[in-house]
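Enquirer: Pasting in a structure now, in structure tokens, and then I'll have a few things to ask.
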Amino acid sequence: MRKQIVAGNWKMNNDIDASKSLVKNIIKKLKKKSLKNTRVIVAPTFVNLQKVASKAKKTKVEVAAQNMHQAKSGAFTGEVSAEMLKSVGVKIVILGHSERREYFGETDAILAEKVNAALENKLEVIFCFGEVLEDRKSDNHFKVVESQIKNGLFHLEASAWKNIVLAYEPVWAIGTGETASPEQAQEMHAFIRKIVTDKYNSDVAESVSILYGGSVKPANAKEIFSKEDVDGGLIGGAALNADDFVALVNSF
Ligand code: PEP
């Protein structure tokens with residue numbers, strides 16, 4: 001059975017005190033909840049990863065980085081490697097977020113290298129992709145999503161997919177208050193499962209969790225998460241408030 005996942009991307013928010021208090025509150029609120037098939041992930045900034053990971057150790061909360069560099073080490077000022085993430089207790093990394101693609105020039109080719117580096121270091125990857133509004137208006141959204149997945153992930157062996165989580169995030173719905181309708185999300189997620197089946201097989205496609213991201217809030221989560229091929233959410237804004245975030249976990 002596929003895992004349901006709620007992953008909170010804190011982006012460039014929360015200093016150390018705010019990060020510690022947010023993770024502490026989430027852990028507290030989840031304490032009495034039995035999370036049989038649900039994973040809860042938070043992704044603080046690099047500087048707060050170690051503290052948050054140590055607070056989350058042996059709890060129901062897992063910790064992810066928001067990015068990493070593809071090289072092992074070297075003259076890459078300001079960057080952080082997969083090994084460094086592992087050394088502070090991180091086991092998951094988000095790659096390909098639209099903000100990384102748009103503001104930091106991360107291309108499909110760079111992302112494929114990052115995916116390889118993460119998997120070589122036994123990090124699990126939450127791989128993000130999604131169309132911009134123009135693509136949807138011109139009916140190119142399926143093509144765009146297919147090409148991002150193909151270029152970023154289809155070089156992998158089938159066995160590598162056990163460490164991949166997909167996150168469909170239509171760029172027009174991120175931080176805009178605009179959400180894809182549950183039907184639009186389901187339509188795209190079913191399409192994604194189909195292209196993964198065609199490339200690999202139905203075992204791989206049926207096992208991979210596909211998250212939806214884009215203005216998910218407690219008010220709309222239930223309906224989106226109830227769709228057959230939607231296995232949870234990658235959450236921005238609503239992940240910064242413990243009550244809202246835990247309400248999302250409770251929406252399954
Ligand atoms: C995101 O940035 O991944 C995201 C989904 O943000 P928001 O929930 O704020 O739209």
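Enquirer: For the structure I just gave you, tell me whether residue 99 is part of a helix (DSSP H, G or I) and either of a type in the set (Ser, Thr, Tyr) or at pLDDT 95 or above (or both).
Expert: When the stated conditions are applied, residue 99 passes them.
Enquirer: Please verify whether the stretch 23-43 includes one or more residues that are over 24 Å from residue 68 (Cα atoms), part of a loop (DSSP other than H, G, I, E, B) and open to solvent by less than 40 Å² (accessible area, probe 1.4 Å).
Expert: Yes, the stretch 23-43 contains a residue that is over 24 Å from residue 68 (Cα atoms), part of a loop (DSSP other than H, G, I, E, B) and open to solvent by less than 40 Å² (accessible area, probe 1.4 Å).
Enquirer: Same structure again: Regarding residue 151, is this residue within 19 Å of the chain's Cα centre (by Cα) and among the polar types (S, T, N, Q)?
Expert: Yes; evaluated as a whole, the condition is true for this residue.
Enquirer: Here is a list: 140, 116. Which entry is under 22 Å from residue 229 (Cα atoms), more than 16 Å from the ligand (Cβ to nearest atom) and open to solvent by 40 Å² or more (accessible area, probe 1.4 Å)?
Expert: Being under 22 Å from residue 229 (Cα atoms), more than 16 Å from the ligand (Cβ to nearest atom) and open to solvent by 40 Å² or more (accessible area, probe 1.4 Å) holds for just one of 140, 116, which is 140.
The values are calculated or read from the model by the stated rules, or taken from the named source; none is laboratory data. Because the structure is a prediction, the values reported are computed rather than measured. Please note: Cβ atoms are built from the backbone with ideal geometry, for glycine as well, and neighbour counts cover all protein chains shown. The accessibility values were calculated without ligands, DNA or RNA, using every heavy atom of the protein model including side chains. Shrake-Rupley method; radii C 1.70, N 1.55, O 1.52, S 1.80 Å.
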